Each structure stands twice: as structure tokens, then as C-alpha cells.
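> Pasting a structure below so you can have a look.
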Amino acid sequence: MAAEKPTGEVIIARGREGPLRRLHPWVYAGAIAEVRGTPEPGAIVDVKDHRGNFLGRGYYNPNSQIRVRILSYFATKIDEDFWAERLVRAARSRERLLAGTDAVRLVNSESDGLPGLIVDRYGDFISFQALTYGIEVRKKLLVELMAGLFSPAGIYERSDVGVRNLEGLEPFKGYIYGKEPPPKLEIREGRAKFYVDIRSGHKTGFYLDQRENRLILAEIAEGKEVLDVFSYTGGFGVHAGLGGAVSVLFVEDSAKHLRWARDHLFLNGLSDLRAGFVAGNAFQELRRLYRERRQFDIVVLDPPKFARNAAEVEDALRGYKDINILGMRLLRRGGYLLTFSCSGHVSEELFLRAVMSAAVDVRREAKILRRLYQAEDHPVGLTFPEGAYLKGFLIQIF
Ligand code: SAH
């Protein structure tokens, strides 16, 4: 691919250049005074202030509220080498993690200087998402580069996500390079092994973002009775078992994923672990466990995203408070709560307030032992706070 010359200029309205000067990578429609030239959707454009000073270079989408996503704050040539270097730079920063796992996020979108692109490695396979028009139109090139740089056995696309609509794109998924991934691809995470279905698993197959937090659970699980709520395929519970838990009860509303949790116990040599599997709505099932006077030493609460946008934050906070009340009531004195929110729109402090008010409601004293975040291979660009979404707390409850 020859270097793409900018085919247009996007002029920022006077007084609206602040975010770009602070290296934030998004240009909203409302910040634009004028578009010069006739850039096609996905084309490279230069962004300038009203005096004509260069602010950044990125790709354009007239059909998105985010009109430009910045690729460089310099007049960098956007050619094949540019994309290759960004991919390599991102992958290199994960190399150290490969000592402990063979499933990592190689590219985390804006925070890796590749807005709209998610690339996850699962063993020999790659699963990726193209979330924006600018990435969609360069997919062929990017897949060729990934094939050459990472030598995967196969590449599978998981762009079956609703956010593509905001870019004027339909959801899509399908196999696009090399071998088709097996329906049960085995990956390794610390001492644990898991099966991943790249074609139909959640996200791109697995919740890689919780890796570090699952390992923390393993550290505290020795001799404990553990409740793994919103367990998906049992990630937390399996690590608890490997860490020496005496029992694990999994709660998950998808019976299929619960069956995988059971398979994962066998896969990890934990068939003798005292394990229970409850398929159902966590809110109801936790109430039922309370009525049955069940108690645990550790409760993990890893719910799906409760707030998809700013308007849903208030309801989400009520949901977080409720589920935390239900979880806390099931804990013995001195027990541990591992509680999470993956709603980007709910800040850490708001989430903490919801958890605190749950503790007040159940009149239990509690203390934060650790603040928890998304794993290191899901970095947050320093000038892109939107990249932070997963937060949690390890709390001891008396
Ligand atoms: N802890 C998991 C990831 C959890 S993702 C891991 O480490 O891999 C959230 C899970 O909650 C999903 O598997 C989803 O199917 C399940 N879920 C969503 N709503 C639920 C509900 N009301 N009750 C129980 N499970 C629910």
C-alpha cells in the first residue's frame, strides 16, 4: 500500500481544540468548524486549528459522531509500515506476559494507538474486532500484516458487536484467514487451562481482562468455600480450586457456559473438588441461598455491564448495590468479597459508593484490601480515560 495522502482537512472550531492539544484521540462532530476537500469515509485527514496549525492526522467517518480518530499527532506517513509498526509495538509490550499465559490481548484499540482495532491471541489463533469504519476499510491489509507478523494458524473476526452501528457498519463475524479455529481451543492462564470458543464465546472468546484478578483469587482461596457468581465458563472458580478451595458454587444464567465450567474442572484435574452449578438469575439465586442460610468464605461478583450509556448509570448503581447486598449477606465474618463493575460509564468512585452503601444497608463493617482493574494487556491510554472500564475491589467483611 502506498502512503495514503490526506485527502481532506478537518478544521476545529475556535476554542474546541483543547482535547486534541491534550492528545485525546477523538474529534467529535460538534467540535468541527469545517471540512475541506472531499474525504471518503475511512480516508486519512489532517486536523487543524482555526489558524491552520496542525493538530493531528487520523481517519475520517462522516457517519459517526466521532468524525476523526487520531492516528498520529505528527504528520506521520500512514502507509503499510505505519500499521505494521503499531501492531509490532503493541504486541511487543505483551511479550513478558506470554511466560504466564498463551491468551493475551495484543492490541487494545485507542490505548495502543490503533483506534477501533482489538486483536486477541488465543494459543495459535487470533480473534479480532474491527469497531470503526477506518479499520473496516483497511481490514485486508491489517489481516495480511497480522498473518505475517504473528504467524497465527488462523484468524477469525468477531465484529459481531452493536457499537459498529454507531459507525454505520453492520455486525459481522466469520473466519477470514488460515485454519478455522477448533470449537474448543485450549488456552493456558497461570496454572489453569480453559477451553475457548473463538466463534461464539463472549467478547472475542474469553474474559481476558479478568486474568490478574482470577490469579489474586487463587492466592486467597486455600481452604475456603467459594461462591463464583456470574461465572461464565468458571474462570474464577477454577482458579479458586487450583488455589486450594474446598468447594466452589458456580452461579450463571447460561446453562451452556455452566457446562463448560464443569468441563473446566475436569480439564484442570479438579474433578474431586466439591462443586455445585446453579443455572439461573443471580439476583434470585443469591436470595434463595440466603433463605437456605448458606454461607461462604469468598464471594465473587462479576456481573455483565449494567450501564451501556450515561443515561443508564443510575439504574446500574442500584443494580450494583443490590447484587452487593445479596453477596455480602452470604459471607461469613472475615470473609472476602471480590466485586466488579465493567461499565465504562460507572466510575470507580461511584461504584465504590454503591458497594459502600450495600455494606451500610447490611450493617457489616468492611475494608478495602485491594483496588482491582483490567489486566495489563488491556492498558489505558494516559490521555484516553475512556479506555478504563473494569474496576473492582477485594474487600474483607466482618
Ligand atoms: N467471571 C467470568 C466472566 C463473567 S461475564 C470469567 O471470569 O470468565 C458475566 C456473566 O454473567 C456472563 O457469562 C453472563 O451469561 C452472566 N449473566 C448475565 N446476567 C446474569 C444474571 N442475571 N444472572 C446470572 N448470570 C448472568
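> Quick check: residue separation of Q295 and S347 times 0.36 nm, minus the Cα distance between them. What number comes out in nm?
15.7 nm
> Something else about it: Assuming R0 = 41 Å, what is the FRET efficiency of K256 and L382, from their Cβ-Cβ distance, to the nearest 0.05?
The formula returns an efficiency of 0.55 here.
> Another question, then. Find out how many positive minus negative residues lie around K48, taking Lys and Arg as positive, Asp and Glu as negative, among other residues whose Cβ is under 11 Å from that of K48.
Residues near K48 contribute -2 overall.
> Between beta-carbons, use under 9 Å as the cut-off and find the net charge around R164, counting Lys and Arg +1, Asp and Glu -1.
Net local charge, R164 excluded: -4.
> OK, next. Quick one: with all protein chains in place, what share of the accessible area of the chain is carbon or sulfur, to the nearest percent (1.4 Å probe)?
Ligands and nucleic acids excluded, carbon and sulfur reach 50 percent.
> Classify the range 23-144 as rounded, prolate or oblate from the Cα gyration tensor: take a ≥ b ≥ c as the square roots of its eigenvalues, call it rounded if a/c is under 1.5, otherwise prolate when a/b beats b/c and oblate if not.
Taking the square roots of the gyration eigenvalues as a ≥ b ≥ c, the range 23-144 is prolate.
> Express in nm, to one decimal, how much length is gained between D315 and R371 on full extension, taking 0.36 nm for each residue of separation and deducting their alpha carbon distance.
Working it through step by step, the gained length comes to 17.8 nm.
> Restricting to DSSP H runs of at least four residues, report the calculated mean residue ellipticity at 222 nm for the chain, -39500 (n - 2.57) per run over all residues, nearest 500 deg cm²/dmol.
Rounded to the nearest 500, the figure is -8000 deg cm²/dmol.
> With a Förster radius of 25 Å, plug the Cβ-Cβ distance of N165 and V137 into 1/(1 + (r/R0)^6) and report the FRET value to the nearest 0.05.
Working from the Cβ atoms, E equals 0.90.
> Let me ask something else. For the chain, with every protein chain kept in place, what is the accessible area per residue (1.4 Å probe, Å²)?
44 Å²
> In addition: Where the centroid of each part is defined by its Cα atoms, how far is the range 323-398 from the range 111-137 in Å?
28 Å
> Residues in the range 61-87, backbone N under 19 Å from the label point at E9 (7 Å along the Cα-to-beta-carbon vector): list them, ranges by number please.
Zone members listed by number: 61, 68-78.
> With unit charges on the beta carbon (Lys/Arg positive, Asp/Glu negative), name the residue among G201, V161, F172 whose Cα is farthest towards the positive pole of the charge dipole of the range 80-204.
Going by the Cα projections, it comes out as G201.
> Evaluate the relative contact order of the chain (contact order divided by residue number), counting alpha-carbon pairs under 8 angstrom at least 6 apart; express in whole percent.
So the answer I get is 10 percent.
> For the range 290-345, what relative contact order do you get, as a whole percent, if you take Cα pairs closer than 8 Å and at least 6 residues apart?
56 percent
The values are calculated or read from the model by the stated rules, or taken from the named source; none is laboratory data. Note that this is a predicted model, so its numbers are computed, not measured. Heads up, the Cβs are rebuilt from the backbone with ideal geometry, glycines too, and the neighbour counts pull from every protein chain shown. Surface accessibility is based on the protein's heavy atoms, side chains included, excluding ligands, DNA and RNA. Shrake-Rupley method; radii C 1.70, N 1.55, O 1.52, S 1.80 Å.
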